[in-house]
1. Could you look through the range 1-33, keep only residues that are surrounded by 17 or more Cβ atoms within 10 Å (Cβ to Cβ) and farther than 23 Å from Phe259 by Cβ, and pick out the one that is nearest to the chain's Cα centre (by Cα)?
2. It is to be established whether one or more residues within the range 114-129 are among the basic types (Lys, Arg), at pLDDT 95 or above and within 22 Å of the chain's Cα centre (by Cα).
3. What residue, of Glu331, Glu342, is assigned to a helix (DSSP H, G or I) and either out of contact with any strand residue (DSSP E or B) (no Cβ under 6 Å at 6 or more places or on another chain) or at pLDDT below 95 (or both)?
4. Under the condition of being among the polar types (S, T, N, Q) and part of a strand (DSSP E or B), which residue from the range 284-307 is farthest from Asn47 (Cα to Cα)?
5. Quick test for you: out of Ala39, Ala16, pick the one residue that is of a type outside the set (Ser, Thr, Tyr) and modelled with pLDDT of 95 or more.
6. Among the residues of the range 169-184, is there at least one that is within 22 Å of Glu245 (Cβ to Cβ), over 19 Å from the mean Cα position of the chain (by Cα) and either among the aromatic types (Phe, Trp, Tyr) or not assigned by TED's automatic domain parsing to the domain that holds Cys21 (or both)?
7. Identify all residues within the range 331-370 that are in contact (Cβ under 8 Å) with a residue 60 or more places away in the chain, under 20 Å from Thr254 (Cβ atoms) and either surrounded by fewer than 18 Cβ atoms within 10 Å (Cβ to Cβ) or in the same structural domain as Tyr188 (by TED's automatic domain parsing) (or both); write none if there are none.
8. Test Ile141 against the stated conditions and say whether it is in contact with a Pro (Cβ under 9 Å, 6 or more places away or on another chain), touching a residue at least 24 places away in the same chain (Cβ under 8 Å), over 28 Å from Asn368 (Cβ atoms) and in a loop (DSSP other than H, G, I, E, B).
Amino acid sequence: MAEKISVYIHIPFCAAKCNYCAFNSKVAPADLRESYVDALVAEINSNHSSLFPVPSIYFGGGTPTILTLNQLEKIFNAVQKNFRVDADAEITIEANPGTVDKNFLRGLRELGFNRISLGVQSINDALLKILGRIHTARTAIDTVTTAQNFFDNVSLDLMYGLPRQTLADVKADVQRAAYLNVTHISIYGLEVEEGTKFFHLHEEGKLNLPDENICGDMYDYITATLPRLGYERYEVSNFAKAGFESRHNIGYWTGRKYFGFGAGAHSYTGEKRTSNIADVESYVKKIRAGSDVSQLEEVVTKTAAIEEFCFLGLRLTEGIDSKIFSERFGENIFDVYKNVIEKNLRLGLLGISGDKIFLTARGMKLGNVVFADFLLS
């Protein structure tokens, strides 16, 4: 059986740049978006590998739904033409409330998308304004309910630790999200990243973030409440109804290979990692000239592969499988990480059940501390 490989498509455009966003995205005129789509299709056509069955395709951004349905169809058709897409493949598109209406959502479903991930972030108008989002709470709710008419699999993102956000705000957002009866919820704590408006405000002491204890209370509430509301935690930041876990993202966390297309997209072949140039105009220019847009990021050594297997696998609540570790690397994980495992078991950050080594609830909260321990170099 041929090895499966996932496909990621990057759309680096947004209607507006949010105050917290450090992703490779920008506001761009229609002619640049059209040129980008042509370049993206050309890249897909020149880098295909029909030998690999594709279990998942993910259109991310930016805001993919800032493109027209015709533009999305061009890209989608290029992927279908160049890859052996599984009949039951999970095909996701990210969308922001405020960029899609009933007809657009119907069009997405007709194109073949079967999962939609909505960047809601909050269902609170004051917080949405602080974040620089283009939608209102009402728009978010309406978009979710309309999307459910066309998609059985609707995910939404929520954020916590936001400027001026209270624990009561977080409780309200979680309850509203669950009431909407979506199938998947991703939760992200705010990270203030360089180059964002929030970073500059934070440097000037004007961001007014909740303190560490309040953020901890927010995290504890979210992780305790969502499972009670029917959303099982399957990864550090992700909760889903049974059977609706993100198959594409699970592929990343379990080491599946993937091709990434578009400006700034990353690819992983098992032996090496590459990334495309991030600048949109340069990307388009190079594609038109027939030049290579990818650059070597890393040759993946055995040591690096072992480290990544562990700290990505530990993100999943089921943890890492010691048998798979042995099959993949020819070594016993308890020999390689004897002291690390014993230390974190003693601290109550790791647990063991059968062949699985996993983060405890406390370990999930302190995940970065545990992940650092699994670095061998």
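The values are calculated or read from the model by the stated rules, or taken from the named source; none is laboratory data. Remember, it's a predicted structure, so these values are computed and weren't measured experimentally. Backbone-built Cβ (ideal geometry, glycine too); neighbour counts: all protein chains shown.
1. Cys21
2. Yes; the residues of the range 114-129 include at least one that is among the basic types (Lys, Arg), at pLDDT 95 or above and within 22 Å of the chain's Cα centre (by Cα).
3. Result: Glu342 is the single residue among Glu331, Glu342 that is assigned to a helix (DSSP H, G or I) and either out of contact with any strand residue (DSSP E or B) (no Cβ under 6 Å at 6 or more places or on another chain) or at pLDDT below 95 (or both).
4. Checked the range 284-307; the qualifying residue farthest from Asn47 (Cα to Cα) is Gln295.
5. Among Ala39, Ala16, only Ala39 is of a type outside the set (Ser, Thr, Tyr) and modelled with pLDDT of 95 or more.
6. Looking for residues that are within 22 Å of Glu245 (Cβ to Cβ), over 19 Å from the mean Cα position of the chain (by Cα) and either among the aromatic types (Phe, Trp, Tyr) or not assigned by TED's automatic domain parsing to the domain that holds Cys21 (or both), one finds at least one in the range 169-184, hence yes.
7. If the condition is that a residue be in contact (Cβ under 8 Å) with a residue 60 or more places away in the chain, under 20 Å from Thr254 (Cβ atoms) and either surrounded by fewer than 18 Cβ atoms within 10 Å (Cβ to Cβ) or in the same structural domain as Tyr188 (by TED's automatic domain parsing) (or both), then Gly367 is the only one that fits.
8. Judged against the criteria, Ile141 is not a match.
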